[in-house]
Amino acid sequence: MLGRHSFKLPRLTNMCVAYSTAAAEASVEQLYNRPKLTSTDYRTAENNTKQHSAVHEGKFYTLSPEQKKQLFSGGGLPRQYEQQIKTFTEACLMVRPTSLELLNYIRNTDFTRPVVRYVLYGENGVGKTLTMAHVLHYGLQNNFVLVHVPWVPNWMKRPKETVNATTQEGFIDLPFDAAAWLVHFKTQNANLLTQLQLKTSKDYVWTKREATPAGSTLLELVEHGIARIKFASETIAALLSELKQHANDDKCKIMVAIDGFNAFFHPETRILGDNKQRITPDRVTLTQPFLDITNYNWKNGVCVLTVDKIGMTEGYMDSYLPRYLLGKEGFEHLDPFVPLHVDNYSDKEFASCIQYYLDRNWIQKTPEGFDEQLKYLSNKNPYTLMRLTRSL
Amino acid sequence: MSLLTRLLERNLRNSGAGARRLYSNHAEEESSATKHEFADEEFRVLNLRSTSQATQQKRKVFKKEPVQPPRHQKMATDQDWSAVWPGPRTFQPSVVPLPLRQGYTEKGAPPPSKFANAELMKIPNFLHLTPPAIRQQCEALKKFCTPWPKGLETLENCEKRFPIEIKSTDYCHALPTIRNPEARRVTLNIKLSDLKFDAHAKDKFLRLVGDRYNPNTGILTIVADRCPLRKQNYDYAMYLLTACYHESFVTESWESSKSEADMEYYSFERNKSKQSAEAIINWGQPVEEAKKLNADHGFAQSVEQLINEGENVYNLGKYKEEVLKLLNISK
């Protein structure tokens, strides 16, 4: 076992090499001298996001498997994190200060006022998406209709299929992606929509024979879009405008959560148009409805958007700050928005995370000072820490 | 060769009769002229070349001049140094009476002495600008100077009364012509803050002068060198300044078509941000121009700062604060 230890650790750092050779003998016992863990230090049993406050900062709360399935079965968690959830056999989210701040804003929101746009920004791997996941959970628990786009760049960078739009000249349709989003919307909101019984306000005529008459429920509209993939994009446009109208009529509350929102304002997509030229995002039929719903001209809603460097392509990734990523157009579209900086772990959060990893037996080798080493190696960046601890 | 000659001669002597035919005419004359020299010698030299001895120049023996001892050894200690070293000049070890050493050596060895020392020749020296030399020159120049004008004692006063600074260069050299084409060049400097502008005129003026204005120092520089004489160039520079200044106050009819993209800086007033901010503030209110609330000045400033100065943590933080205030979101 000692041999394995001294073989595995040097991959981490030189400090580690020095340690493992010099103090190897002494550390054999310490390796298994696991620190005593008090679960209340890093866990909280408070699963109701409404009750989360500064008391719970830096602690992990558990998402029930049903809720996780409902919220994120169509995406919304980073893939690495999904794997980790599978390994840990539980979906835990840390209560981050940014999400607390955001939840606080949402709780204090005056829903008779126009929607407030919150923009999460930060370096790679600091937890923008997971902060959004936390907020989404809040939305689920507080009966918000969730309009959640897991990752916009997927549409702009690697769409499943592209078709020329039939109704709008010169536009590109992404029928499969649109239908997949409708499925995602349905899994997230089916329960709530059956309760609310929201009706369409006007007739939607798709073809001569197909139509969704006024007064049918929104679920019917969604199901039609899923069944008839050809009209999925138009269904999304119809659905979002209907939702907006219902929210304006105080019939429901909507939480718009769009990850990688800056992809809507990227100078170009990877979608090729008719003459094999890359088209701009505003020529994609999906763009307009989501820009409409992030506009300020409605109420009873809240918009949580993230801007992400990796949503851009080479040459546009110089900064993680929102004005740069959104560009002039995007900034004008969102202004005035509330920028929220997601930062690396604080010392307290870092300690809590290490304890959680120990609790899950994710970190098994605990020589003296291992957490300090990890702190320096990862710079307290959550993603880097997750990657580093894979081999421990 | 000499062996061959001897053999030949011996044969000739033996055969007697055929000898005359072999000699060329010239050689015959010569041999007759020098006959008495070889009379008592056993062998005579056969010279087959037609060139005369006289044309063959003797190689000059190069006679090296004896090296004089360094000049500084003869120098008096109270000599006038500025006479020895009157102008800028490369270092001369024999003239400078200083035991200078300079250069890199291996550890322990002293630096090379001043003789044949390239290091000392490379660097510029100021041996012609010794304090006595400067004093001497100042004394010589004094008789051309006038007293300093009253009221210009401080630099601020000078700048205030003479905002325009003119620079030109005089060249002095010993050539058949005393003209230097560079002397015609005139540089005019003026601080932009010394000119009085309104917003439009300033914008137009800056566009007219282009890169002649340095925004970091705030100084406008006009260089005139297109005329052959300095006086003409000076007049031209002054003309340019005057013409640009007055032209900048003229508003052309097409200037009203300047669009947002042509603006040099972001202004909250003319942008969409103002519209959306005010639409949000006045949400749900009946549309009345008189009662309309205007966006907070602080918010306007923070947006302008964010875009004009560029994004940074401070500007974003300020923007966030102002937005929270504008939208009335409580923490």
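Evaluated on segment A:42-163, the Kirkwood hydrodynamic radius is 15.6 Å, with distances taken between all distinct Cα atoms. Residue by residue, segment A:252-258 carries 3J(HN,Hα) couplings of 7, 10, 10, 10, 9, 10, 10 Hz when phi is fed to the Karplus relation 6.51 cos²θ - 1.76 cosθ + 1.60 (θ = phi - 60°); x denotes Gly or Pro. Put simply, the amide H of residue A:120, placed in the peptide plane, has neighbours under 5 Å in A:305, A:306, A:307, A:340, leaving out anything fewer than 5 places away on its chain. Surface listing: B:313, B:323 arranged by accessible area from highest to lowest gives B:313, B:323, probe 1.4 Å.
Solvent-accessible area of residue B:325, all protein chains in place: 130 Å² (probe radius 1.4 Å, heavy atoms, ligands and nucleic acids excluded).
Summary of packing: across the peptides A:155-168, A:122-135, the per-residue average of other C-beta atoms within 10 Å ranks them, highest first, as A:122-135, A:155-168. Rolling a 1.4 angstrom probe over segment B:81-142 with all protein chains present gives an accessible area of which 66% lies on carbon and sulfur atoms. Pairs with C-alpha atoms separated by more than 28 Å, drawn from the list A:50/A:86; A:328/A:375; A:202/A:328, are A:328/A:375; A:202/A:328. Counted over the protein assembly as shown, the DSSP beta bridges are approximately 50% antiparallel. Plainly put, segment B:155-255 has a radius of gyration that is 1.07 times its Kirkwood radius, both from alpha-carbon atoms, as the Rg/Rh ratio.
Once the Cα-Cα distance is subtracted from the 0.36 nm per residue extended length, the residue A:245 to residue A:158 segment shows a gain of 28.1 nm. Averaged over the residues of peptide A:100-112, the number of Cβ atoms from other protein chains lying within 10 Å of each residue's Cβ is 2.
Roughly how large, in nm² to one decimal, is the mean projection of the convex hull of the alpha-carbon atoms in chain A? Over every viewing direction, the Cα hull of chain A projects on average to 21.1 nm².
Across peptide B:299-307, the mean count of Cβ atoms from other chains lying within 10 Å of each residue's own Cβ comes to 2. Using a simple spin-label model with pseudo-atoms 7 Å out from Cα toward Cβ, residue A:319 and residue B:90 lie 5.4 nm apart. Rounded to the nearest whole Hz, the Karplus-based 3J(HN,Hα) values (6.51 cos²θ - 1.76 cosθ + 1.60, θ = phi - 60°) of segment A:81-87 follow the sequence 6, 4, 4, 5, 4, 5, 5, with x at glycine and proline. Each Lys or Arg adds one and each Asp or Glu subtracts one; over the other residues with Cβ under 10 Å from the Cβ of residue B:248, this totals 0. Looking only at segment A:75-89, which residues have a backbone nitrogen under 16 Å from a spot 7 Å from the Cα of residue A:390 in the C-beta direction? Zone members listed by number: A:78-88.
Other residues within the sphere of radius under 12 Å centred on the Cβ of residue B:272, judged by their own Cβ, net out at -3 (K and R +1, D and E -1). Comparing the full protein assembly with the isolated chain (1.4 Å probe, heavy atoms, ligands and nucleic acids excluded), the residues of segment A:318-337 losing at least 50 square angstrom of accessible area are A:321, A:323, A:331, A:332, A:335, A:336. Remark on segment B:81-142: Rg and Dmax equal 14.7, 51 Å (Cα only).
Scanning residues 5 or more positions from residue A:211 or on other chains, those with amide H under 5 Å from its amide H are A:206, with H placed 1.01 Å from N in the peptide plane. Here residue A:169 and residue A:69 are evaluated by their C-beta separation; at R0 = 51 Å the FRET efficiency comes out at 0.80. Each residue of segment A:297-310 is assigned a 3J(HN,Hα), and the resulting list reads 7, 8, 10, 6, x, 9, 10, 10, 10, 10, 10, 9, 4, 6 Hz, derived from the Karplus form 6.51 cos²θ - 1.76 cosθ + 1.60 (θ = phi - 60°), x at Gly and Pro. For residue A:39, the solvent-accessible surface with a 1.4 Å probe is about 60 Å², rounded to the nearest 10. Counting Cβ atoms of other protein chains within 10 Å of each Cβ in B:322-330 and taking the mean gives 5. Stretched out straight at 0.36 nm per residue, the stretch from residue B:123 to residue B:136 would grow longer than its current Cα-Cα span by 2.2 nm. The distance separating the Cα centre of segment A:92-136 from that of segment A:322-359 comes to 9 Å. Distance from the Cα centroid of segment A:195-257 to that of segment B:117-136 is 91 Å (rounded to whole angstrom). Once the Kirkwood radius over Cα pairs is known for segment B:258-327, the Stokes-Einstein relation at 10 °C and 1.306 mPa s delivers a diffusion coefficient of 122 µm²/s.
Would you work out if segment B:200-331 is rounded, prolate or oblate? Take a ≥ b ≥ c from the square roots of the eigenvalues of the alpha-carbon gyration tensor; rounded if a/c is under 1.5, else prolate when a/b is larger than b/c, oblate otherwise. Prolate, since a/c reaches 1.5 and a/b exceeds b/c. Against the empirical 2.2 N^0.38 Å (N residues), the protein assembly as shown has a Cα radius of gyration ratio of 1.72.
Separation of segment A:266-304 from segment A:152-166 is 11 Å, based on Cα centroids.
As a fraction of the 1.4 Å probe accessible area of chain A, surface on carbon and sulfur atoms comes out at 49 percent.
If you count Lys pairs in segment B:155-255 whose Cα atoms are under 15 Å apart, skipping same-chain pairs closer than 8 places in sequence, the total is 6. Between amide H atoms placed 1.01 Å from N, distances below 5 Å from residue A:146 occur with A:255, all of them 5 or more places distant or on a separate chain.
Between residue A:199 and residue A:143, the FRET efficiency estimated from the beta carbon spacing at R0 = 25 angstrom works out to 0.85. Taking chymotrypsin sites (Phe, Trp or Tyr not before Pro) across segment B:227-275, the ones in a DSSP loop with at most 15 further Cβ atoms lying within 10 angstrom of their Cβ are B:249, B:265.
Count Lys and Arg as plus one, Asp and Glu as minus one, and take only other residues whose Cβ is under 10 Å from that of residue A:307; the net charge is then +1.
Can you give the extra length, in nm with one decimal, that the chain gains between residue B:278 and residue B:175 once fully stretched, where that is 0.36 nm per residue apart less the Cα-Cα distance? Gain on extension, residue B:278 to residue B:175, equals 29.5 nm.
Taking a ≥ b ≥ c as the square roots of the eigenvalues of the Cα gyration tensor of segment A:224-346, is the shape rounded (a/c under 1.5), prolate (a/b larger than b/c) or oblate? Here segment A:224-346 falls in the oblate category. Sorting B:190, B:281, B:219 on solvent-accessible area from highest to lowest, probe radius 1.4 Å, gives B:219, B:281, B:190. In this structure, the residue pairs whose Cα-Cα separation is over 28 Å, taken from A:186/A:251; A:160/A:186; B:114/B:143, are B:114/B:143.
The values are calculated or read from the model by the stated rules, or taken from the named source; none is laboratory data. If you're wondering where the values come from, they're calculated on a predicted model, not measured in any experiment. Counting neighbours? That spans all protein chains shown, and the Cβs are built from the backbone with ideal geometry, glycine included. Surface areas here come from the heavy atoms of the whole protein model, side chains and all, with no ligands, DNA or RNA. Shrake-Rupley method; radii C 1.70, N 1.55, O 1.52, S 1.80 Å.
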